[in-house]
Amino acid sequence: MDRLKPGSAALHQPALEPGRAWPLGAHADAAGVNFAVFSAHATAIELCVFDDTGTHELARHTLPARSADIWHGHLRGAGAGLVYGLRAHGPWQPALGLRFNPHKLLLDPYARETVGQWDWAAAQGGHDSAHPDVLDARDNAAAALKARVVAANFDWRGDTPLHRPLRDTVLYELHVRGFTMQHPGVPEALRGSYAGLGSPAALAHLQRLGVTAVSLLPVHQHLDEERLQGLGLSNYWGYNTLGFFCVEPRLASSPAPRDEFRQMVRSLHAAGIEVILDVVFNHTAEGDHRGPTVSWRGLCNSSYYRLNPNHAAHELNYSGCGNTLNLGHPRVLQMVLDSMRYWVQDMHVDGFRFDLAPVLGRQADAFDNTSAFFKALAQDPVLAGTKLIAEPWDLGPNGYQLGHFPAGWLEWNDRFRDVLRAFWLGGDCTRGELAMRLCASSDRFDKQRRAPGESVNFITAHDGFTLRDLVSYNQRHNAANGEHNRDGHSHNLSWNSGHEGPSNDATVNTRRARLQRALLACAVLAQGTPLLCAGDELGRSQGGNNNAYCQDNATSWLNWAGADEALLAYSARLIALRRTLNPLGERWFSGAATPSGRPDVQWLRGDGQEMQPPDWNTQHPRVLGMRLNRPQAALLWLFNAGAQDTPFMLPAGPWHSLLDSGDDQAAGQHEGRYVLHAHSLALLQEPHR
C-alpha cells in the first residue's frame, strides 16, 4: 500500500523501517521519526504524510510492524515539523462496535500539535448521515485535522515544581481567556491568552489576592459542537476534548501555543503560584454513534469507548456528552496516564482537576476506588506529589461519590456549597448541618479516614451563578444560550435579596454586599481547602446566566472596569487571615480536652450557652457561635444569617475583633455583648496567654 502522490519530492525512500512499539505517538530521533499507534482490531494502519500546511498528501505508507496491538514504523530522514494523519483498515460492523473506515483521515490520539481548521462537513462522519449503520465512502482528508511532529526543547530556566503544602493552598478557578480579555493592564495583543495570564498585571492581581494555585478551565484542544456553531456560539468552557496532549491554540497570542503555555507556567511559578489543569478524561469530542470520526472511533471504537452491552452500536453515556472513555482497557488507561505525565514533565503543571471523575474508577458499571486507574496513579513516580482533585459525580449508576475517592485525593464538596448557600440565603438548613460543613464534612471524609484538607470548599464555580448573581437572582436567565432558558441548574439555592437583577435600592445592595462577604468568609476560613471562582472577589455578574458555557463575550469575561475594590480588599484580607491563623486547623475535632481544660471546639447559642441536642436540629434562629480552644489563643467565630441585628453574649474575658463582615470599622476589645449585623459574621480572638 506504500505509494507516493504524483509530483512529490519530499519522501523518496523505501517502505518504513519497523521501528519501535514505544513510546506511543510520533517522536523524532537522530535518524527520523518513530510512529506507534494502538488498535486491537485493525487489519492495517496507514501513515499519510502531508505538506507543511496539511493541504497536499505527499506520501502514504503502511506501518510495517505490529507488537501486542501496537502498530509501528520508523520514517528515516523525517523530523520535527512533519505533518501526518492516519488511516485504519478493518471491519465495518457497527453492531459489534467496529467502525473502521479507511476513507477517513484520523488524528493521532497522541498528537502534540494539530494542523488545519475543523469544519462540520458531512464527510467528517464515518457513517452515512441518514443511516448511522452505513459506511460513508467519501474521503475527508481535505477537511480533517492533521498532527505535526514537535520538538521537545524548551528553556525552563531552572523552573521546578512548587509542591505547596495542602494547608497553605488556596485554589482560584479561572478561564485563561476570560480572565484577561478586558484587563486594562494587560497589553491588548496579549489579552485572552496564555501570555496575558502570565503578564505582570495578571500576576499582580493573583499575588494581591493571595491565592496559591490557579485551576484553569480546560486548555486541552477541543471542538465546538455543530449545534453551537450553527447558532454563532462556541464551547467557551472547553469540555469537549479533541487532543489530550495538545494545547488549545485559540488561547494563544502567538503561532507557538505550546511554548507560550510553558512561558505562562514559568511566570506563574516565579510568582509562587501553582498551575492545576481541569481535564476531561471521561469523554471525547466524537460524541455518540451519530458523531464525527475524528480519531479514537476510527482507530478502535470498541476499545476506546464503553459500549452498550445490549446494543454495541451505541456508546454508554455516563458523561452526558454522548460517549464514555473506557479506562478499563489498559491502552486507554495508558493514554490517560501518558497525558498526565506529559503535562507534568513537558509542561510543568502541578496537578489536575478531573471532570466527572467517577468515570475514571468504574469497573464495568460500578465505581471502585481501588480500580486500575487509582492503583496505577498511586505508584507512578512522575505523578507523585501532584495535586489530584475530583469532581466526585458523573451520570452513571451510583454516580454520586463524594468522600469515596482514595486518601490523598481532594474532592469538590457540593454539600458544603449547598448547605452554606441554604444557611445564608434562607434555604432549608439546620445549625447542625452548618457545623458539619464548616468542619470539613466529617460525615463524608472522616468516616473514610481522609484528611480535612481533602474537602474542597466552594460557594460558586464556573458552572452556575457567580457570587454576585447568587444574591441577585431567584431564577436563571439563560436565553442567550439558545435553549429557551431550559439549560442550567434550576435548583440554585439563590436569593435575589428582595429584587430580581440589578437594583438601585440601597437596602437591597447593602444586603447583597453583606451576603457576599459572609459567604466568601466561610469558603476561605472553613476547615478544608478553599476554592474561589475568578471574579467573585470583584463582584462579577453574568446577568443571571447560570450556564455560560457558550458565552465567549462580556457575559463571561471579567469586568475589571466595574470591579468592587472594597470587596477585593476584603477578599485579600480573608486569605491573609487564613494564611496567618488557619483558624480551624488540619485535624479533625474530637471534643477532647485541650491544655486549657476545654474541649477543642465548643458550639454556642446566641445567649452564650453551649448548644444542646435540641438546638442542632432547628433552623431558627440562624445564630450560633463556634469557640476554638487552641493552645496559643482561643478563637470565636460568630454567625448571624438572620434579617435583624442580633446581640451575642460573649464568653468571659476580653475578645479582640479580627474580622466583621458587616462592619469594616469593627476593631478593638469586646466584652459582654457583641452586636452581630444581619447577614454577617465575625471572628474574634482571645488575648494571647
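Listed values, structure above:
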read-out	value
Any hit, segment 509-516, residues being closer than 30 Å to L624 by Cβ, assigned to a helix (DSSP H, G or I) and free of Cβ contacts under 8 Å to residues at least 40 places away in the same chain	yes
Residues of segment 72-95 that turn out to be under 34 Å from the mean Cα position of the chain (by Cα) and open to solvent by 20 Å² or more (accessible area, probe 1.4 Å), as a count	3
Search result, residues across segment 96-105 that are outside any loop (DSSP other than H, G, I, E, B) and buried (at least 23 other Cβ atoms within 10 Å of the Cβ)	R99
Criterion violated by V524 - all others in (1) open to solvent by 10 Å² or more (accessible area, probe 1.4 Å); (2) closer than 26 Å to S215 by Cα satisfied	(1)
Positions within segment 550-574 being open to solvent by 30 Å² or more (accessible area, probe 1.4 Å) and small (G, A, S), in sequence order	A554, A561, G562, A566, A569
Matching residues, segment 344-365, being farther than 23 Å from F154 by Cα and either basic (K, R) or modelled with pLDDT of 95 or more (or both)	R353, F354, D355, L356, A357, P358, V359, L360, G361, R362
Scan of segment 500-515 for residues that are among the small types (G, A, S) and either open to solvent by 70 Å² or more (accessible area, probe 1.4 Å) or over 18 Å from S571 (Cβ atoms) (or both), ordered by number	G501, S503, A506
Pairs with Cβ under 7 Å, 6+ apart, first in segment 607-619 and more than 16 Å from N640 (Cα to Cα), second open to solvent by less than 80 Å² (accessible area, probe 1.4 Å)	E610/Q602; E610/W603; E610/L604; N617/T430; N617/G432
Residue among A652, A633 that alone is open to solvent by less than 60 Å² (accessible area, probe 1.4 Å), farther than 30 Å from Q542 by Cβ and part of a loop (DSSP other than H, G, I, E, B)	A633
Single residue of S339, S319 found to be more than 27 Å from A151 (Cα to Cα), open to solvent by less than 20 Å² (accessible area, probe 1.4 Å) and within 18 Å of the chain's Cα centre (by Cα)	S319
Some residue of segment 560-569 being under 25 Å from the mean Cα position of the chain (by Cα), at pLDDT 95 or above, more than 23 Å from A643 (Cα to Cα) and not in a helix (DSSP H, G or I)	yes
Residue match in segment 534-542 (condition: at pLDDT 95 or above, of a type outside the set (A, V, I, L, M) and over 16 Å from Y570 (Cβ atoms))	yes
Candidate set from segment 655-667 (those that are surrounded by 14 or more Cβ atoms within 10 Å (Cβ to Cβ) and not in a strand (DSSP E or B)); member that is nearest to the chain's Cα centre (by Cα)	S661
Conditions (1) in contact with a Gly (Cβ under 8 Å, 6 or more places away or on another chain); (2) in contact (Cβ under 8 Å) with a residue 60 or more places away in the chain; number of the one not met by Q124	(1)
Segment 45-71 - residue that is among the small types (G, A, S) and not in a strand (DSSP E or B) and, of those, most open to solvent (accessible area, probe 1.4 Å)	A68
Unique residue being hydroxyl-bearing (S, T, Y), part of a loop (DSSP other than H, G, I, E, B), under 22 Å from H61 (Cα atoms) and touching a residue at least 12 places away in the same chain (Cβ under 8 Å) when the list is Y84, Y110	Y110
Any hit, segment 590-597, residues being part of a loop (DSSP other than H, G, I, E, B), at pLDDT 95 or above and either open to solvent by 10 Å² or more (accessible area, probe 1.4 Å) or in contact with a His (Cβ under 7 Å, 6 or more places away or on another chain) (or both)	no
Cβ pairs under 7 Å, 6+ apart, first in segment 439-465 and more than 27 Å from L515 (Cα to Cα), second open to solvent by 10 Å² or more (accessible area, probe 1.4 Å) and assigned to a loop (DSSP other than H, G, I, E, B)	D446/W588; Q448/H404; R449/A407; R450/A407
Complete set of residues in segment 679-689 that are part of a loop (DSSP other than H, G, I, E, B) and within 21 Å of W603 (Cβ to Cβ)	H679, E686
Candidate set: segment 389-425, residues that are among the aromatic types (F, W, Y) and closer than 24 Å to Q379 by Cβ; chosen: the one surrounded by the fewest Cβ atoms within 10 Å (Cβ to Cβ)	W409
Segment 129-179, residues that are assigned to a loop (DSSP other than H, G, I, E, B), open to solvent by less than 70 Å² (accessible area, probe 1.4 Å) and either within 30 Å of L584 (Cα to Cα) or not hydrophobic (A, V, I, L, M, F, W, C) (or both)	D136, N140, G158, D159, L162, P165, T169, V170, H175
D108 being acidic (D, E) and surrounded by fewer than 21 Cβ atoms within 10 Å (Cβ to Cβ)	no
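The rows are residues; the columns are (1) at pLDDT 95 or above; (2) at positive phi; (3) touching a Ser or Thr at 6+ places or on another chain (Cβ under 8 Å).
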{"position": "Q602", "(1), (2), (3)": "yes, no, no"}
{"position": "R605", "(1), (2), (3)": "yes, no, no"}
{"position": "T618", "(1), (2), (3)": "no, no, yes"}
{"position": "N640", "(1), (2), (3)": "yes, no, yes"}
{"position": "Q644", "(1), (2), (3)": "yes, no, no"}
{"position": "L650", "(1), (2), (3)": "yes, no, no"}
{"position": "G653", "(1), (2), (3)": "no, yes, no"}
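Condition check ((1) over 30 Å from G591 (Cα atoms); (2) at pLDDT 95 or above; (3) not hydroxyl-bearing (S, T, Y)) across all residues:
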residue	(1), (2), (3)
F445	no, yes, yes
A461	yes, yes, yes
S494	yes, yes, no
G501	yes, yes, yes
R514	yes, yes, yes
C522	no, yes, yes
G528	no, yes, yes
N546	yes, yes, yes
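The values are calculated or read from the model by the stated rules, or taken from the named source; none is laboratory data. What you see is a predicted model, and the numbers here were worked out from it, not measured in a lab. For neighbour counting, all protein chains shown are included, and Cβ atoms are generated from backbone atoms with ideal geometry for every residue, glycine included. Remember, those area values only see protein heavy atoms, side chains included, never the ligands or the DNA or RNA. Shrake-Rupley method; radii C 1.70, N 1.55, O 1.52, S 1.80 Å.
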